[in-house]
Amino acid sequence: MRFTLDPELAQFESQVRDHLRSAMTPELVEQIHTTGVFHDYEFTRGLAEKGWYAADPAQGERMSPFQTQILIAELHRADAPMYLGETTRMVASVVRQVGTPFVQERVLDGAANGDVTIALGFSEPECGSDVAAASTRAVRDGDDWLINGSKMFTTNGHIADYVFLLARTDPEQPKHKGLTMFLVPTNSEGFDAQAVWTLSGERTNITFYSDLRISDQWRIGEVNAGWQTLLLALEDEHASGWGPHIARLLEHAERWAADTKDASGIARIDDPDVRRRLARAAIEVEVSSLLLSRCAWLEETGQRIEAEGPMSKLFSTEALERASQDFNEMVGPDALRSPFDPTAPENGQIQQIMRFSLGTTIYAGTSEVQRTIIAQRGLGLPR
Ligand SMILES: Cc1cc2nc3c(=O)[nH]c(=O)nc-3n(C[C@H](O)[C@H](O)[C@H](O)COP(=O)(O)OP(=O)(O)OC[C@H]3O[C@@H](n4cnc5c(N)ncnc54)[C@H](O)[C@@H]3O)c2cc1C
């Protein structure tokens, strides 16, 4: 068992870091904070030119699981605009497997080079965890489908070219059996995206589908086999680990502790309580990283990721929440000043990361859902 990167992986990591240092310009960082939109076409094309973006439709994945893990970790650590790229990659992989030639021709090349983007339209105002309860309707009309309904939290739906939409096509069937997936062009008449702002200032959307008409060629997978098609997308989702966000939070906290003195002129870094909090977060960074590495190792050795992915997601998001609340308490009221306040300690990032951390325990499966999967698949407990 080795805990260090191979020389090639270490070199890859430093190449990614170098690229991100120059690509994450102060203007881009400001743009992300002022718009709340975590996507930038120029940044994405920069990744694509390096071969570090979506999977190549012709060759399949070009990066090994460990390279992918390093890339995603560095993107997280740089707080880079990456989420629309990830959703596009997930859907492109499904389109490659079960999309019609019509869709493949229009989507795959652009998805690989960053020109075509795809958001996810699964959750609805009335259902998120129980996604199979979706009630957005698609009704067959000759060679077309007419779609009516709404989707909640369609992140980036206002800028994406397509929404990968889960719709109910047969309400008479049991809920998992009457669903079908579609790729809906967002320039279709009847599509609307309205902003929903999260606690961390991120923009997501509620999207509306009003008598939206698309041809059957935009269907992905068989009619009423939407659940199986959706699982293909979720299977392709890399196990997530949010430790790199704890690492960047820790960098802020360490710098603050080194640079700040208490009322009696003693550096905060010399306070045993401050050191205890820093050490605790450092351990959580390490554990998060190891849990995620285990997933990459399973993938690399051709084994299935069962409960290990949920363990990585659950631990690292809850650790991020813990550490960020801890550091806000450590810094005190000053921590609460906004990133837009030039005198805020560490550019307001300590409170910003705390607000961001709360969403991480919700999307891609809430903590409760992850615990259920770990209990059933990992521990073999009954439903
Ligand atoms: C910032 C953000 C971005 C998102 N982006 C997208 C996106 O791009 N596309 C998309 O489709 N969705 C997106 N989502 C939606 C996200 O996946 C859902 O919010 C999530 O699945 C939870 O669904 P819900 O909000 O309806 O809560 P609910 O499912 O109603 O859950 C409410 C509470 O009940 C708990 N709960 C629910 N069911 C169970 C159960 N069986 N056992 C135990 N506890 C349970 C949950 O854990 C939660 O605490 C996003 C969400 C957020 C916050």
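Remarks
- Scanning segment 1-51 for residues that are among the polar types (S, T, N, Q) and in contact with a helix residue (DSSP H, G or I) (Cβ under 7 Å, 6 or more places away or on another chain) yields a single hit, Thr44.
- Selection of segment 89-111 for residues being away from the ligand (no atom under 12 Å from the Cβ), within 27 Å of Ala195 (Cα to Cα) and aliphatic (A, V, I, L, M) yields Ala92, Val107, Ala111.
- Residue that is nearest to Phe327 (Cα to Cα) [pool: residues in segment 337-381 that are part of a loop (DSSP other than H, G, I, E, B) and within 14 Å of the ligand (Cβ to nearest atom)]: Thr361
- Only a single item in (1) at pLDDT below 95; (2) touching a Gly at 6+ places or on another chain (Cβ under 6 Å) is not met by Thr207, and it is number (1).
- One residue stands out among those in segment 123-168 that are in contact (Cβ under 8 Å) with a residue 40 or more places away in the chain and at positive phi: the one that is least open to solvent (accessible area, probe 1.4 Å), which is Asn156.
- Reported count of residues in segment 182-198, each being free of Cβ contacts under 8 Å to residues at least 40 places away in the same chain and not in a loop (DSSP other than H, G, I, E, B), is 6.
- Cβ pairs under 9 Å, 6+ apart, first in segment 271-296 and assigned by TED's automatic domain parsing to the domain that holds Ser316, second loosely packed, with under 15 Cβ neighbours inside 10 Å and aromatic (Phe, Trp, Tyr): Leu290/Phe3; Ser293/Phe3
- Taken together, Arg203, Arg213 contain a single residue that is closer than 30 Å to Ser338 by Cα, surrounded by fewer than 20 Cβ atoms within 10 Å (Cβ to Cβ), in contact (Cβ under 8 Å) with a residue 60 or more places away in the chain and not assigned by TED's automatic domain parsing to the domain that holds Ile362, which is Arg203.
- Residue check for Gln325: without any contact (Cβ under 8 Å) to a residue 40 or more places away in the chain, assigned by TED's automatic domain parsing to the domain that holds Ile246 and away from the ligand (no atom under 16 Å from the Cβ): yes
- For segment 169-180, the tally of residues that are in a strand (DSSP E or B) and either away from the ligand (no atom under 15 Å from the Cβ) or open to solvent by 30 Å² or more (accessible area, probe 1.4 Å) (or both) stands at 1.
- All positions within segment 321-343 that are of a type outside the set (D, E, K, R) and surrounded by fewer than 17 Cβ atoms within 10 Å (Cβ to Cβ): Gln325, Gly332, Pro333, Leu336, Ser338, Phe340, Pro342, Thr343
- Selection of segment 22-45 for residues being open to solvent by 70 Å² or more (accessible area, probe 1.4 Å) and either in the same structural domain as Thr204 (by TED's automatic domain parsing) or under 18 Å from Asn347 (Cα atoms) (or both) yields Pro26, Glu27, Glu30, Thr34.
The values are calculated or read from the model by the stated rules, or taken from the named source; none is laboratory data. Keep in mind it's a predicted model, so treat the numbers as computed, not measured. Note: ideal-geometry Cβ built from the backbone for every residue, glycine included; neighbour counts use all protein chains shown. Remember, those area values only see protein heavy atoms, side chains included, never the ligands or the DNA or RNA. Shrake-Rupley method; radii C 1.70, N 1.55, O 1.52, S 1.80 Å.
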